[in-house]
Amino acid sequence: MFELHHLTALEQLDWLRRGEVTPRELVDHYLARIARLDGPSGNGGPEGLGAFVEVTAESARARADAMLQQSRAVALWGLPSADKDLVDRAGVPTRYGSRAFADNIPETSDPLVEVLDAAGAISLGKTNTPEFGMPSYTEPLAGRPARNPYDTALGSGGSSGGAAVAVAAGLLPVAPGSDGGGSVRIPAAATGLVGLKPSRGRIPASPGFTSLGGLAVAGPLARTVTDAALLLDAMIGDGRIAGNWHWATAAPSWDGGAYLNAAERGEGRFQLGVTTSSPWETSYEIVVAPEAEAALRAAREHLDAIGHGLEEFRLEPEEGYAPAFTTLWQGGASGIPIEGEQFDQVEPLTRWLVETGRRVGSRELAAALGWLTDYEHRLIGQLARFDAVLTPSLAMTPRPIGWHDPEDAMHNFGQQVQYTPFTSFVNVSGLPAITLPVHVTDAGLPMGVQLIGRPGREDVLLAIGAQLERRLNWQQRHPPQW
């Protein structure tokens, strides 16, 4: 039986603009699915899917009704979405996945919220995130875990885990996430979605420059490449900036207008590098699981058949990467505003990161930042001969809920590295990257690959993604809740 969420986001937007469905009807459809599948007694799992931590049904319906009086020319007119629970929306609780901020209600909205509102999106609430977005899995002690809709005993990755679950299970057409070390690409890979981390500076409302080391940027989660491009264009809004100062000499930026154009055309043949190496491997044992190898092999076969050039290579060993990145991650955590008795309300991993980070001296932090800046230049130089680089998205299949050590923070951090060794160095370099759901395991779990682009060339990633999507039709694969 046909239901509205069976349409792509782009198709839903077309229906809205043509009057085939009203914003209120579409909002009500998704709110009903959230109530049925995501609530504590929903059939998405023992405690529901755990995609949302706050549902703002009343304000969503009021905004949907008001949309009829506004121009339909805006990018996302009447399309439902949601805010990650790390992003402030005035008057709506922002808990950052933490018990320490259970009663926090911001008075002002973050710029990304204002940009998406101006684009015509309708927020249905707040999506689940781990505490302060620090881990790569979404199992906060402050609430429920975000359960993988393909197998609710498994996690959805993080830190945009709730957003990924919502899109994969048909609770939202698309959703914004944020990515400081893989937090869009990891949950996208775990739940069978397209997840795009834009270039540093690409989205003015979340450029990355304001985060320590320039790591964290916002990015879209979607079921199709065109839907990801649609949301990317809306998140950019009216400002299209190129990113780092040296990028103009590394590669030209896309000048073809909306990124949706690149995704819809899906044109071009490119020279692609292929690697399973990671800068973490000098400090941790990185083992690529057979399922991840199978996803990479499937992507290679299809890319070769399309006509792309493929060349295997290995990243140069980087002994300093693990200590420098760990210092930066701890340094970033040191600014989390918790003091005194609040430490008793945060999780062991957060406490370790914050306390260790606050012991890091300015000289040590400056040295780590300097090393990573030099690494950024070295990495971009290594990859310059390729139009894009193909890697596994994850080294393992989606992890069981509770797999990450809840007490030993250093062990927990190491587990995250071994699960997600291919994502953080992309944040360090500021490069764009996309996760594509190219494979399904024998157990029915999605597995993805990552494409890393040249500076400022999201268009190439979207074009290649569209070519693979046309061959593999992953948009037709859905979890049981669909």
Here the qualifying pairs (Cβ atoms under 9 Å; residues six or more apart or on different chains; first in the range 313-325 and within 29 Å of R300 (Cα to Cα); second among the hydrophobic types (A, V, I, L, M, F, W, C) and at pLDDT below 95) come out as none
Expected output for the range 465-480 (first residue buried (at least 21 other Cβ atoms within 10 Å of the Cβ), partner of a type outside the set (S, T, N, Q) and at pLDDT below 95, Cβ below 9 Å, 6+ apart or cross-chain) is none
Can you name the number of the only condition in (1) within 22 Å of F209 (Cα to Cα); (2) more than 16 Å from the chain's Cα centre (by Cα); (3) not aromatic (F, W, Y) that A102 fails? (1)
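Would you list the strands (runs of 3 or more DSSP E) that sit entirely within the range 131-231 and hold 1 or more residues that are within 20 Å of L472 (Cα to Cα) and not basic (K, R)?
Counting at least 1 such residues, we get 194-197, 217-222.
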Of all residues in the range 242-274 being modelled with pLDDT under 95, part of a helix (DSSP H, G or I) and hydrophobic (A, V, I, L, M, F, W, C), the one that is surrounded by the most Cβ atoms within 10 Å (Cβ to Cβ): W247
Members of the range 8-47 that are modelled with pLDDT of 95 or more, over 16 Å from W77 (Cα atoms) and either among the polar types (S, T, N, Q) or not in a helix (DSSP H, G or I) (or both): D38
So which residues in the range 184-241 are at pLDDT below 95 and acidic (D, E)? D238
Give the range 427-462 a look and list any residue that's among the aliphatic types (A, V, I, L, M), buried (at least 24 other Cβ atoms within 10 Å of the Cβ) and in a helix (DSSP H, G or I), or say none. L461, L462
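Would you mind stating whether A166 is out of contact with any Pro (no Cβ under 7 Å at 6 or more places or on another chain), among the small types (G, A, S) and buried (at least 24 other Cβ atoms within 10 Å of the Cβ)? Steps first, please.
On the way: out of contact with any Pro (no Cβ under 7 Å at 6 or more places or on another chain): yes; among the small types (G, A, S): yes; buried (at least 24 other Cβ atoms within 10 Å of the Cβ): yes.
Against the criterion (out of contact with any Pro (no Cβ under 7 Å at 6 or more places or on another chain), among the small types (G, A, S) and buried (at least 24 other Cβ atoms within 10 Å of the Cβ)), A166 qualifies.
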Filter result for G257 (touching a residue at least 12 places away in the same chain (Cβ under 8 Å) and closer than 27 Å to T224 by Cβ): no
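Return yes or no: is E347 within 16 Å of F413 (Cβ to Cβ) and acidic (D, E)?
On the way: within 16 Å of F413 (Cβ to Cβ): yes; acidic (D, E): yes.
The answer is yes for E347.
The values are calculated or read from the model by the stated rules, or taken from the named source; none is laboratory data. Remember, predicted model here, so these are calculated numbers, not experimental data. Note: ideal-geometry Cβ built from the backbone for every residue, glycine included; neighbour counts use all protein chains shown.
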